[in-house]
Amino acid sequence: GYRVLAVAAGSVGEVAPASLRGLTLFGFVGLIDPVRAEVPEALRRCARAGVGVRMITGDHPATALTIGREIGIAAQDSDVVPGSVLAQLASDPAGFDAAVASARIFARVEPTQKLEIVRSLQRAGHVVAVTGDGVNDAPALHAAEIGVAMGAGGTDAARGAADIILTDDNFASIVAGIEEGRIAYDNVRKVVLMLVSTGAAEVALFFLALGFGTPLPLFALQLLWLNLVTNGIQDVALAFEAGEPEILARPPRAPGQPIFEGTMLGQVALSGAVISGVGFAFFATALTLGMAEAEARNLLLLLMVCFENAHVLNCRSETRSILRIPLRSNPFVVLAVLGAQGAQIAAMYVPGLSDALAIAPVSAAHWFLVIGLATTLIAAM
(Lines give C-alpha, C1' and ligand atoms only; values in the text may rest on other atoms or scores of the structure.)
Protein backbone atom coordinates (compact mmCIF):
# COMPACT_ATOMS: atom_id res chain seq x y z
CA GLY A 1 0.00 0.00 0.00
CA TYR A 2 3.01 2.32 0.08
CA ARG A 3 4.44 4.32 -2.78
CA VAL A 4 7.93 2.93 -3.24
CA LEU A 5 11.12 4.63 -4.41
CA ALA A 6 14.40 2.78 -5.03
CA VAL A 7 17.52 4.68 -3.91
CA ALA A 8 20.87 3.91 -5.58
CA ALA A 9 24.24 5.62 -6.22
CA GLY A 10 26.91 5.50 -8.89
CA SER A 11 28.54 7.39 -11.76
CA VAL A 12 26.59 7.75 -14.97
CA GLY A 13 27.40 9.56 -18.14
CA GLU A 14 23.95 10.96 -18.63
CA VAL A 15 20.56 10.71 -16.92
CA ALA A 16 18.93 8.21 -19.23
CA PRO A 17 17.41 4.76 -18.62
CA ALA A 18 20.18 3.06 -20.61
CA SER A 19 22.88 4.71 -18.49
CA LEU A 20 21.43 3.72 -15.14
CA ARG A 21 23.44 0.53 -14.74
CA GLY A 22 26.09 -0.69 -12.35
CA LEU A 23 24.65 1.33 -9.46
CA THR A 24 24.86 0.45 -5.80
CA LEU A 25 21.43 -0.14 -4.33
CA PHE A 26 20.96 1.60 -0.99
CA GLY A 27 17.42 0.42 -0.39
CA PHE A 28 13.78 1.30 -0.80
CA VAL A 29 11.75 4.17 0.66
CA GLY A 30 8.06 3.62 1.30
CA LEU A 31 5.87 6.72 1.33
CA ILE A 32 2.34 6.92 2.66
CA ASP A 33 -0.12 9.75 3.30
CA PRO A 34 -1.39 8.64 6.71
CA VAL A 35 -5.05 8.58 7.60
CA ARG A 36 -6.08 11.14 10.19
CA ALA A 37 -6.84 9.52 13.51
CA GLU A 38 -10.42 10.85 13.60
CA VAL A 39 -11.42 9.62 10.14
CA PRO A 40 -12.34 5.97 10.96
CA GLU A 41 -14.73 7.08 13.70
CA ALA A 42 -16.18 9.75 11.41
CA LEU A 43 -16.84 7.09 8.78
CA ARG A 44 -18.55 4.87 11.35
CA ARG A 45 -20.79 7.81 12.28
CA CYS A 46 -21.58 8.29 8.59
CA ALA A 47 -22.61 4.66 8.31
CA ARG A 48 -24.95 5.00 11.31
CA ALA A 49 -26.44 8.13 9.75
CA GLY A 50 -27.20 6.36 6.48
CA VAL A 51 -24.53 8.29 4.56
CA GLY A 52 -22.50 6.17 2.16
CA VAL A 53 -18.86 7.13 1.61
CA ARG A 54 -16.89 6.48 -1.58
CA MET A 55 -13.21 7.22 -2.15
CA ILE A 56 -11.98 8.54 -5.51
CA THR A 57 -8.23 8.66 -5.96
CA GLY A 58 -5.51 8.72 -8.56
CA ASP A 59 -3.44 6.23 -6.55
CA HIS A 60 -2.74 2.65 -7.54
CA PRO A 61 -5.61 0.25 -6.71
CA ALA A 62 -3.42 -1.63 -4.19
CA THR A 63 -2.60 1.59 -2.35
CA ALA A 64 -6.24 2.67 -2.41
CA LEU A 65 -7.44 -0.71 -1.10
CA THR A 66 -4.94 -0.61 1.77
CA ILE A 67 -6.22 2.81 2.83
CA GLY A 68 -9.79 1.66 2.37
CA ARG A 69 -9.24 -1.31 4.66
CA GLU A 70 -7.61 0.91 7.26
CA ILE A 71 -10.54 3.32 7.39
CA GLY A 72 -13.19 0.60 7.11
CA ILE A 73 -14.88 1.32 3.78
CA ALA A 74 -13.45 -1.59 1.77
CA ALA A 75 -12.49 -5.18 2.48
CA GLN A 76 -11.72 -7.01 -0.78
CA ASP A 77 -10.35 -6.43 -4.24
CA SER A 78 -13.81 -6.27 -5.81
CA ASP A 79 -14.56 -3.15 -3.77
CA VAL A 80 -12.03 -1.26 -5.92
CA VAL A 81 -12.90 -0.24 -9.48
CA PRO A 82 -10.00 1.20 -11.52
CA GLY A 83 -10.51 4.06 -13.92
CA SER A 84 -9.58 1.74 -16.80
CA VAL A 85 -12.68 -0.38 -16.10
CA LEU A 86 -14.86 2.73 -16.05
CA ALA A 87 -13.35 3.76 -19.39
CA GLN A 88 -14.28 0.40 -20.89
CA LEU A 89 -17.87 0.87 -19.69
CA ALA A 90 -18.20 4.42 -21.02
CA SER A 91 -20.36 3.21 -23.92
CA ASP A 92 -22.50 1.02 -21.63
CA PRO A 93 -24.50 3.32 -19.30
CA ALA A 94 -26.19 0.43 -17.47
CA GLY A 95 -22.88 -1.34 -16.90
CA PHE A 96 -21.22 1.91 -15.83
CA ASP A 97 -23.98 2.60 -13.28
CA ALA A 98 -23.75 -0.97 -11.98
CA ALA A 99 -19.99 -0.66 -11.50
CA VAL A 100 -20.36 2.65 -9.69
CA ALA A 101 -23.10 1.25 -7.46
CA SER A 102 -20.99 -1.73 -6.40
CA ALA A 103 -17.72 0.11 -5.85
CA ARG A 104 -16.43 1.54 -2.61
CA ILE A 105 -13.18 2.89 -4.03
CA PHE A 106 -12.35 4.30 -7.46
CA ALA A 107 -8.60 4.19 -8.20
CA ARG A 108 -6.46 5.57 -11.02
CA VAL A 109 -9.41 7.77 -11.95
CA GLU A 110 -9.20 10.42 -14.66
CA PRO A 111 -10.51 13.92 -13.82
CA THR A 112 -13.48 13.61 -16.19
CA GLN A 113 -14.48 10.30 -14.61
CA LYS A 114 -15.07 12.01 -11.25
CA LEU A 115 -17.90 13.97 -12.85
CA GLU A 116 -19.34 10.82 -14.44
CA ILE A 117 -19.28 9.01 -11.09
CA VAL A 118 -21.25 11.86 -9.50
CA ARG A 119 -23.83 11.82 -12.28
CA SER A 120 -24.18 8.04 -12.03
CA LEU A 121 -24.89 8.25 -8.30
CA GLN A 122 -27.43 10.99 -8.93
CA ARG A 123 -29.17 8.83 -11.53
CA ALA A 124 -29.47 6.16 -8.85
CA GLY A 125 -31.40 8.61 -6.68
CA HIS A 126 -28.67 9.62 -4.27
CA VAL A 127 -28.09 13.11 -2.91
CA VAL A 128 -24.38 13.51 -3.54
CA ALA A 129 -21.78 15.53 -1.68
CA VAL A 130 -18.29 15.78 -3.15
CA THR A 131 -15.12 16.83 -1.38
CA GLY A 132 -12.07 18.01 -3.25
CA ASP A 133 -9.24 20.50 -3.34
CA GLY A 134 -7.85 20.60 -6.89
CA VAL A 135 -8.69 22.23 -10.19
CA ASN A 136 -9.68 18.82 -11.55
CA ASP A 137 -12.27 18.46 -8.78
CA ALA A 138 -14.15 21.63 -9.76
CA PRO A 139 -16.60 20.02 -12.27
CA ALA A 140 -17.61 17.31 -9.78
CA LEU A 141 -17.90 19.85 -6.95
CA HIS A 142 -20.17 21.98 -9.12
CA ALA A 143 -22.33 19.06 -10.31
CA ALA A 144 -22.92 17.61 -6.82
CA GLU A 145 -25.86 18.73 -4.71
CA ILE A 146 -23.30 19.71 -2.06
CA GLY A 147 -19.78 20.65 -3.10
CA VAL A 148 -17.32 20.73 -0.19
CA ALA A 149 -13.93 22.32 -0.90
CA MET A 150 -10.84 22.37 1.25
CA GLY A 151 -10.24 25.86 2.55
CA ALA A 152 -6.68 25.51 3.83
CA GLY A 153 -5.06 23.46 1.07
CA GLY A 154 -7.59 23.80 -1.73
CA THR A 155 -7.30 25.74 -4.97
CA ASP A 156 -9.29 28.84 -5.84
CA ALA A 157 -11.06 26.87 -8.57
CA ALA A 158 -12.26 24.24 -6.10
CA ARG A 159 -13.41 26.84 -3.59
CA GLY A 160 -15.23 28.77 -6.29
CA ALA A 161 -17.12 25.67 -7.49
CA ALA A 162 -18.11 24.49 -4.00
CA ASP A 163 -21.11 25.27 -1.80
CA ILE A 164 -19.25 24.78 1.48
CA ILE A 165 -15.61 25.41 2.38
CA LEU A 166 -13.94 23.46 5.18
CA THR A 167 -11.55 25.76 6.99
CA ASP A 168 -9.74 22.85 8.67
CA ASP A 169 -9.67 20.42 5.68
CA ASN A 170 -10.97 17.73 8.02
CA PHE A 171 -13.44 15.06 6.90
CA ALA A 172 -14.74 14.74 10.47
CA SER A 173 -15.99 18.33 10.20
CA ILE A 174 -18.40 17.21 7.47
CA VAL A 175 -19.94 14.66 9.84
CA ALA A 176 -20.24 17.32 12.54
CA GLY A 177 -21.97 19.51 9.96
CA ILE A 178 -24.47 16.77 9.16
CA GLU A 179 -25.26 16.44 12.87
CA GLU A 180 -25.66 20.20 13.33
CA GLY A 181 -27.85 20.35 10.25
CA ARG A 182 -30.17 17.69 11.63
CA ILE A 183 -30.36 19.50 14.98
CA ALA A 184 -31.22 22.77 13.24
CA TYR A 185 -33.93 21.10 11.14
CA ASP A 186 -35.38 19.39 14.21
CA ASN A 187 -35.50 22.70 16.08
CA VAL A 188 -37.31 24.36 13.19
CA ARG A 189 -39.90 21.58 13.40
CA LYS A 190 -40.24 22.05 17.16
CA VAL A 191 -40.87 25.76 16.81
CA VAL A 192 -43.38 25.17 14.01
CA LEU A 193 -45.11 22.48 16.08
CA MET A 194 -45.54 24.83 19.01
CA LEU A 195 -46.71 27.83 16.97
CA VAL A 196 -49.14 25.90 14.78
CA SER A 197 -50.61 23.75 17.55
CA THR A 198 -51.18 26.65 19.95
CA GLY A 199 -52.56 28.80 17.12
CA ALA A 200 -54.88 26.00 16.04
CA ALA A 201 -56.05 25.59 19.64
CA GLU A 202 -56.88 29.29 19.91
CA VAL A 203 -58.83 29.21 16.64
CA ALA A 204 -60.69 26.07 17.73
CA LEU A 205 -61.53 27.69 21.07
CA PHE A 206 -63.34 30.51 19.31
CA PHE A 207 -65.16 28.18 16.93
CA LEU A 208 -66.38 26.16 19.89
CA ALA A 209 -67.69 29.32 21.52
CA LEU A 210 -69.49 30.31 18.31
CA GLY A 211 -70.88 26.81 17.87
CA PHE A 212 -72.27 26.58 21.40
CA GLY A 213 -73.41 30.19 21.57
CA THR A 214 -71.31 31.23 24.56
CA PRO A 215 -69.77 34.69 25.00
CA LEU A 216 -66.36 35.28 23.44
CA PRO A 217 -63.83 33.35 25.51
CA LEU A 218 -61.11 36.01 25.12
CA PHE A 219 -61.06 39.60 23.91
CA ALA A 220 -58.73 40.59 21.07
CA LEU A 221 -56.28 42.34 23.38
CA GLN A 222 -56.18 39.31 25.68
CA LEU A 223 -55.45 37.05 22.72
CA LEU A 224 -52.64 39.32 21.56
CA TRP A 225 -51.22 39.35 25.08
CA LEU A 226 -51.38 35.55 25.23
CA ASN A 227 -49.37 35.22 22.04
CA LEU A 228 -46.91 37.90 23.14
CA VAL A 229 -46.00 36.40 26.52
CA THR A 230 -45.94 32.76 25.37
CA ASN A 231 -45.09 32.38 21.68
CA GLY A 232 -43.08 35.58 21.65
CA ILE A 233 -40.67 34.23 24.27
CA GLN A 234 -40.86 30.45 24.31
CA ASP A 235 -40.42 29.76 20.60
CA VAL A 236 -37.02 31.47 20.68
CA ALA A 237 -35.93 29.23 23.55
CA LEU A 238 -36.86 26.10 21.56
CA ALA A 239 -34.29 27.07 18.92
CA PHE A 240 -31.55 26.36 21.49
CA GLU A 241 -32.55 22.73 22.04
CA ALA A 242 -29.67 20.28 22.04
CA GLY A 243 -29.77 17.38 19.62
CA GLU A 244 -31.82 14.29 20.25
CA PRO A 245 -29.91 11.22 21.45
CA GLU A 246 -28.55 9.19 18.55
CA ILE A 247 -29.62 11.85 16.05
CA LEU A 248 -27.08 10.39 13.61
CA ALA A 249 -28.67 6.96 13.93
CA ARG A 250 -31.66 8.06 11.84
CA PRO A 251 -31.77 7.51 8.12
CA PRO A 252 -31.63 10.68 6.02
CA ARG A 253 -34.97 12.29 5.29
CA ALA A 254 -36.18 12.55 1.71
CA PRO A 255 -35.41 16.00 0.23
CA GLY A 256 -39.05 16.48 -0.70
CA GLN A 257 -40.44 15.43 2.68
CA PRO A 258 -42.75 18.20 3.97
CA ILE A 259 -42.50 19.54 7.51
CA PHE A 260 -46.18 18.74 8.01
CA GLU A 261 -46.09 14.95 7.80
CA GLY A 262 -47.92 12.33 9.85
CA THR A 263 -46.09 12.75 13.14
CA MET A 264 -46.46 16.52 13.30
CA LEU A 265 -50.05 16.53 12.05
CA GLY A 266 -51.00 14.02 14.72
CA GLN A 267 -49.34 16.03 17.48
CA VAL A 268 -50.89 19.29 16.28
CA ALA A 269 -54.35 17.69 16.23
CA LEU A 270 -53.98 16.09 19.66
CA SER A 271 -52.50 19.09 21.46
CA GLY A 272 -54.89 21.52 19.76
CA ALA A 273 -57.88 19.38 20.70
CA VAL A 274 -56.81 19.11 24.35
CA ILE A 275 -56.05 22.84 24.77
CA SER A 276 -59.21 24.05 23.04
CA GLY A 277 -61.46 21.32 24.45
CA VAL A 278 -60.37 21.62 28.07
CA GLY A 279 -60.21 25.42 27.83
CA PHE A 280 -63.71 25.75 26.41
CA ALA A 281 -65.16 23.20 28.83
CA PHE A 282 -63.62 25.14 31.73
CA PHE A 283 -64.97 28.47 30.44
CA ALA A 284 -68.46 27.14 29.70
CA THR A 285 -68.66 25.34 33.05
CA ALA A 286 -67.58 28.45 34.93
CA LEU A 287 -70.34 30.48 33.26
CA THR A 288 -72.90 27.74 33.92
CA LEU A 289 -71.99 27.76 37.62
CA GLY A 290 -72.70 31.49 37.79
CA MET A 291 -69.19 32.94 37.51
CA ALA A 292 -69.07 36.42 35.99
CA GLU A 293 -67.83 36.63 32.39
CA ALA A 294 -64.88 38.86 33.36
CA GLU A 295 -63.70 36.43 36.04
CA ALA A 296 -64.15 33.43 33.75
CA ARG A 297 -62.08 35.14 31.03
CA ASN A 298 -59.43 36.05 33.59
CA LEU A 299 -59.08 32.40 34.64
CA LEU A 300 -59.24 31.16 31.02
CA LEU A 301 -56.41 33.50 29.99
CA LEU A 302 -54.31 32.21 32.88
CA LEU A 303 -55.17 28.63 31.91
CA MET A 304 -54.14 29.26 28.30
CA VAL A 305 -50.81 30.72 29.46
CA CYS A 306 -50.24 27.62 31.61
CA PHE A 307 -51.23 25.35 28.72
CA GLU A 308 -48.66 26.99 26.46
CA ASN A 309 -46.05 26.88 29.25
CA ALA A 310 -46.62 23.13 29.43
CA HIS A 311 -46.72 22.71 25.68
CA VAL A 312 -43.31 24.27 25.08
CA LEU A 313 -41.92 21.50 27.28
CA ASN A 314 -43.81 18.92 25.21
CA CYS A 315 -42.39 20.40 22.01
CA ARG A 316 -38.79 19.84 23.10
CA SER A 317 -38.99 16.44 21.43
CA GLU A 318 -41.28 14.75 18.93
CA THR A 319 -40.42 11.27 20.20
CA ARG A 320 -39.56 11.53 23.89
CA SER A 321 -41.76 12.36 26.87
CA ILE A 322 -41.23 15.57 28.81
CA LEU A 323 -40.34 13.33 31.79
CA ARG A 324 -37.32 11.92 29.92
CA ILE A 325 -35.76 15.24 28.89
CA PRO A 326 -33.66 16.94 31.60
CA LEU A 327 -34.44 20.62 32.04
CA ARG A 328 -30.74 21.40 32.45
CA SER A 329 -30.10 20.50 28.81
CA ASN A 330 -31.82 23.74 27.74
CA PRO A 331 -31.94 26.36 30.51
CA PHE A 332 -33.35 28.88 28.03
CA VAL A 333 -36.65 26.98 27.99
CA VAL A 334 -36.88 27.14 31.77
CA LEU A 335 -36.15 30.86 31.70
CA ALA A 336 -38.71 31.37 28.93
CA VAL A 337 -41.44 29.57 30.90
CA LEU A 338 -40.61 31.55 34.03
CA GLY A 339 -40.52 34.77 32.01
CA ALA A 340 -43.89 34.10 30.35
CA GLN A 341 -45.52 33.17 33.63
CA GLY A 342 -43.87 36.09 35.41
CA ALA A 343 -45.17 38.54 32.80
CA GLN A 344 -48.70 37.16 33.22
CA ILE A 345 -48.54 37.42 37.01
CA ALA A 346 -47.10 40.92 36.84
CA ALA A 347 -49.87 42.00 34.46
CA MET A 348 -52.44 40.94 37.06
CA TYR A 349 -51.00 43.38 39.60
CA VAL A 350 -49.77 46.31 37.49
CA PRO A 351 -52.36 49.10 37.44
CA GLY A 352 -53.30 50.17 33.95
CA LEU A 353 -52.09 46.96 32.33
CA SER A 354 -54.47 44.82 34.38
CA ASP A 355 -57.31 47.22 33.51
CA ALA A 356 -56.46 47.13 29.78
CA LEU A 357 -56.36 43.34 29.77
CA ALA A 358 -59.38 43.03 32.09
CA ILE A 359 -57.51 40.62 34.40
CA ALA A 360 -56.94 40.46 38.14
CA PRO A 361 -55.11 38.32 40.74
CA VAL A 362 -56.63 34.90 41.41
CA SER A 363 -56.95 32.84 44.57
CA ALA A 364 -54.69 29.95 45.53
CA ALA A 365 -57.56 27.51 44.89
CA HIS A 366 -57.95 28.81 41.36
CA TRP A 367 -54.18 28.54 40.81
CA PHE A 368 -54.25 24.86 41.78
CA LEU A 369 -57.25 24.29 39.51
CA VAL A 370 -55.63 25.99 36.52
CA ILE A 371 -52.30 24.21 36.96
CA GLY A 372 -54.05 20.86 37.38
CA LEU A 373 -55.98 21.37 34.14
CA ALA A 374 -52.82 22.39 32.31
CA THR A 375 -51.15 19.09 33.23
CA THR A 376 -53.81 17.23 31.20
CA LEU A 377 -51.91 18.37 28.11
CA ILE A 378 -48.68 16.77 29.36
CA ALA A 379 -50.54 13.54 30.13
CA ALA A 380 -52.16 13.50 26.68
CA MET A 381 -48.94 14.15 24.79
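The values are calculated or read from the model by the stated rules, or taken from the named source; none is laboratory data. Owing to the predicted nature of the structure, the values given are computational and were not obtained by experimental measurement. A quick note on method: Cβ atoms are made from the backbone with ideal geometry, for glycine too, and the neighbour counts reach across all protein chains shown. Side chains are part of the model used for accessible areas, which takes the heavy atoms of the whole protein and leaves out ligands, DNA and RNA. Shrake-Rupley method; radii C 1.70, N 1.55, O 1.52, S 1.80 Å.
Worth pointing out:
- Among the residues here, Asp168 does not qualify as among the acidic types (Asp, Glu) and more than 24 Å from the chain's Cα centre (by Cα).
- Scope the stretch 257-281; condition touching a Lys or Arg at 6+ places or on another chain (Cβ under 8 Å) and either among the aromatic types (Phe, Trp, Tyr) or in a helix (DSSP H, G or I) (or both); matching residues: Met264
- Figure legend. Inter-residue proximity from the stretch 332-356: first residues in contact (Cβ under 8 Å) with a residue 60 or more places away in the chain and under 18 Å from Leu224 (Cα atoms), second residues outside any helix (DSSP H, G or I) and open to solvent by less than 30 Å² (accessible area, probe 1.4 Å), beta-carbon distance below 8 Å, spacing 6+ or different chains. Indicated pairs: Ala340/Thr230; Ala347/Ile359.
So that you can scan it fast, the table gives a plain yes or no per residue for (1) in a helix (DSSP H, G or I); (2) open to solvent by 60 Å² or more (accessible area, probe 1.4 Å); (3) under 24 Å from Pro217 (Cβ atoms); (4) not small (Gly, Ala, Ser):
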{"site": "Arg328", "(1), (2), (3), (4)": "yes, yes, no, yes"}
{"site": "Gly339", "(1), (2), (3), (4)": "yes, no, no, no"}
{"site": "Ala343", "(1), (2), (3), (4)": "yes, no, yes, no"}
{"site": "Val362", "(1), (2), (3), (4)": "no, no, yes, yes"}
{"site": "Ala365", "(1), (2), (3), (4)": "yes, yes, yes, no"}
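- Within the set Ala346, Ala358, Ala336, the sole residue that is within 30 Å of Glu246 (Cβ to Cβ) and hydrophobic (A, V, I, L, M, F, W, C) turns out to be Ala336.
- Failed condition for Phe106, given (1) within 22 Å of Leu43 (Cβ to Cβ); (2) free of Cβ contacts under 8 Å to residues at least 12 places away in the same chain: (2)
- Residue count for the stretch 1-16 under the criterion of being touching a strand residue (DSSP E or B) at 6+ places or on another chain (Cβ under 7 Å) and either assigned to a loop (DSSP other than H, G, I, E, B) or within 30 Å of Val130 (Cα to Cα) (or both): the result is 4.
- Matching residues, the stretch 1-19, being out of contact with any helix residue (DSSP H, G or I) (no Cβ under 8 Å at 6 or more places or on another chain) and without any contact (Cβ under 8 Å) to a residue 12 or more places away in the chain: Ser11, Glu14, Val15, Ala16, Pro17, Ala18, Ser19
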